[in-house]
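J.: To start, I am sharing the structure in question, which I have written as structure tokens.
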Amino acid sequence: MNVADSQRVASSLEQLGYQATPQPEEANVIVLNTCVVRQSAEDKAAGRLYSLKPLKEKRPDMVINLMGCMVGVKGTDHLRKRFPFVDVFSPPSDPSPLVAYLTQDESRALEVSATEERYALMDDELVLPIDERGKLVSAFVPVVLGCSHACTFCIIPYRRGVERSRPVGDIIGEVRSLVDQGVKEITLLGQIVDRYGKDIPDGPNLADLLRVVHDVDGLERIRFLTSHPNWMTNELLDAAANLPKVMPHIEVPVQAGDDQVLENMRRGYTSDDYADLVARIRARYKGHTFGVSVATDVIVAFPGETDAQFQRTYDLLSELKHDVVHLARYSPRPGTVADRRMPDDVPEGAKWERFRAIETLQEGIAAEINARYLGETVEVLVEEQVRGRWKGRTATNKLVFVEADHDLRGQILPVSITWTGPWSMQGRLPVISELAKSQELLLADENINPLAT
């Protein structure tokens, strides 16, 4: 059995582009597959692990994976304390924790790419071709064009003009067309999506639009972004929480945690206002198994930002514990108020230090939040296949990878989460044994033909 498990791990690694090497000193990844049928076998495995410790200290980027019966299926806390230099612990017959660990950078890159794509769509800098839309499981539908708020760092009002809300009929027509092409999930887009309808006297608001979109037959999931704290009303929050197709994932940028920086950005709210909003959002999802995921945007090193002001941003994020932080270092954008009136006076070195500090903080927060999913079964909408694994998302927008030989695209499936990290999770589908399948077929035949034996 261990030989078969090792072959499966080797195959999974080869699919990621790795090759076998006979020398541990040459390896990027070392997998120690263990047996504990006798104490001597467990002692031998522990001794082999300790012999690898100096190599790990010399090459900290090398990945050590402890696998098999020594890990078992009852938790790894005791092993993590005993072998803190081991990177990944995998139960018998399951290479997925190692694969997930090795592809975390890819998962993070996928998240960054998805964020950049929706920014480009909101900026009207990206239009998906019709043939590509026909292959999508999840699609964006712009509902508010342009913007009239004019944050001092933003160029959109100058390039895309004042905000214009699209007619409800046009939006619903587009949603229905996408659903007819196989789309299961749509995301309503706007620079400030919760200002939908504000430019139309006595027009509908975003809560009204959500209710209408919710009635489209065949549509499974609805999301909306990006919101502004000033216009995320209780009516909108109630609609989002009470409509089953609207997913429990809210994106609401804070941008900074210091009130003076927020004023310089012309955001129109204080850090306390924002914290109160996050509390109101979470209060509406207390009955949900995993609550609601809250994502935010942050700009570090805005003109004039001092170390103390940055610390207040850091402290706010540490307190609120967002699921996702879209993080950016400030850079001047020609034509904006900030570029014209505010010197870019934070040194480049300080910009990177602040960026990495929040990046490290958020990585720990996200890992802690995602760990709550370990061992749980969640519904995942499968979107596409990436390097041999199926990629999908939970209702709370968590990225999940599943291995399967058959086509899962477009299906909403129960997935048991077997590994979690800050950027993604690994899961497996419910297993029905071949014996159980054959028995089901036999029973079905017996029900059709009473003479079957």
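The values are calculated or read from the model by the stated rules, or taken from the named source; none is laboratory data. For clarity, every value in this text was computed on a predicted model and none was experimentally measured. With ideal geometry, Cβ positions are generated from the backbone for all residues, glycine too; neighbour counts draw on all protein chains shown. Surface areas here come from the heavy atoms of the whole protein model, side chains and all, with no ligands, DNA or RNA. Shrake-Rupley method; radii C 1.70, N 1.55, O 1.52, S 1.80 Å.
J.: Only residues in region 12-32 that are at pLDDT 85 or above count as the first member; pair them with residues that are among the hydroxyl-bearing types (S, T, Y) and exposed (fewer than 14 other Cβ atoms within 10 Å of the Cβ), Cβ under 8 angstrom, at least 6 apart or cross-chain, and list the lot.
T.: Taking only residues 6 or more apart or on different chains, the pairs are A27/T21.
J.: Can you pull out the residues in region 72-88 that are part of a loop (DSSP other than H, G, I, E, B), aliphatic (A, V, I, L, M) and modelled with pLDDT of 85 or more? Give the derivation first.
T.: Initial filter on region 72-88 (part of a loop (DSSP other than H, G, I, E, B)): 72-76, 83-87.
After this cut, where a residue has to be aliphatic (A, V, I, L, M) as well, the list is 73, 86.
The one that is part of a loop (DSSP other than H, G, I, E, B), aliphatic (A, V, I, L, M) and modelled with pLDDT of 85 or more: V86.
J.: Condition (residue is closer than 25 Å to E220 by Cβ, among the hydroxyl-bearing types (S, T, Y) and out of contact with any His (no Cβ under 9 Å at 6 or more places or on another chain)) applied to region 376-389: is it met by at least one residue? So that I can check it myself, show each step before the final result.
T.: Initial filter on region 376-389 (closer than 25 Å to E220 by Cβ): 376-386, 389.
So of that shortlist, the ones also among the hydroxyl-bearing types (S, T, Y) come out as 377.
If we keep only those that are out of contact with any His (no Cβ under 9 Å at 6 or more places or on another chain) too, we end up with 377.
Yes - at least one qualifying residue is present in region 376-389.
J.: Take G287 and tell me if it is part of a loop (DSSP other than H, G, I, E, B) and open to solvent by 40 Å² or more (accessible area, probe 1.4 Å).
T.: Values: part of a loop (DSSP other than H, G, I, E, B): yes; open to solvent by 40 Å² or more (accessible area, probe 1.4 Å): yes.
In short, yes.
J.: Additional query: Taking region 12-30 as the region of interest, how many residues are open to solvent by 50 Å² or more (accessible area, probe 1.4 Å) and out of contact with any Gly (no Cβ under 8 Å at 6 or more places or on another chain)?
T.: Within region 12-30, the subset open to solvent by 50 Å² or more (accessible area, probe 1.4 Å) is 14-15, 17-23, 25-26, 28.
Subsequent filtering for residues that are out of contact with any Gly (no Cβ under 8 Å at 6 or more places or on another chain) retains 14, 17-23, 25-26, 28.
Residues that pass the stated criteria total 11.
J.: Being outside any loop (DSSP other than H, G, I, E, B), modelled with pLDDT of 90 or more and open to solvent by 60 Å² or more (accessible area, probe 1.4 Å) is the requirement here; does R108 meet it? Spell out how you get there, then give the answer.
T.: On the way: outside any loop (DSSP other than H, G, I, E, B): yes; modelled with pLDDT of 90 or more: no; open to solvent by 60 Å² or more (accessible area, probe 1.4 Å): yes.
Taking the combined requirement at face value, the residue does not satisfy it.
A quick yes/no check of all residues on (1) closer than 17 Å to E359 by Cβ; (2) at pLDDT 95 or above; (3) hydrophobic (A, V, I, L, M, F, W, C):
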position	(1), (2), (3)
S293	no, yes, no
V298	yes, yes, yes
A301	yes, yes, yes
E305	yes, yes, no
F310	yes, yes, yes
D315	yes, yes, no
L320	yes, yes, yes
P334	no, no, no
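J.: Restricting the search to region 332-347, which residues are under 15 Å from I299 (Cβ atoms) and open to solvent by 80 Å² or more (accessible area, probe 1.4 Å)?
T.: Of everything in region 332-347, those that are under 15 Å from I299 (Cβ atoms) and open to solvent by 80 Å² or more (accessible area, probe 1.4 Å) turn out to be R333, D345.
J.: Here is a follow-up. I'm told A241 meets every condition in (1) in contact with a Pro (Cβ under 9 Å, 6 or more places away or on another chain); (2) at pLDDT below 95 except one. Can you identify the failing condition by its number?
T.: Here A241 meets the rest and fails (2).
J.: Show the residue pairs that are 6+ apart or on different chains and have beta-carbon atoms under 6 Å apart, the first residue being within region 231-244 and among the charged types (D, E, K, R), the second being modelled with pLDDT of 95 or more.
T.: If the second residue must be modelled with pLDDT of 95 or more, the pairs left are E235/A207.
J.: Mind checking which residues of region 21-37 are farther than 22 Å from V71 by Cβ and either part of a strand (DSSP E or B) or touching a helix residue (DSSP H, G or I) at 6+ places or on another chain (Cβ under 8 Å) (or both)?
T.: The one that is farther than 22 Å from V71 by Cβ and either part of a strand (DSSP E or B) or touching a helix residue (DSSP H, G or I) at 6+ places or on another chain (Cβ under 8 Å) (or both): E25.
J.: Being part of a helix (DSSP H, G or I) and either among the hydroxyl-bearing types (S, T, Y) or touching a residue at least 24 places away in the same chain (Cβ under 8 Å) (or both) is the filter here; which residues of region 47-70 pass it?
T.: L49, Y50, S51, L52, K53, L55, K56, E57
J.: Can you list the helices (runs of 4 or more DSSP H) found entirely within region 291-409 that contain at least 1 residues being basic (K, R) and without any contact (Cβ under 8 Å) to a residue 12 or more places away in the chain?
T.: Ranges flagged: 337-341, 348-370.
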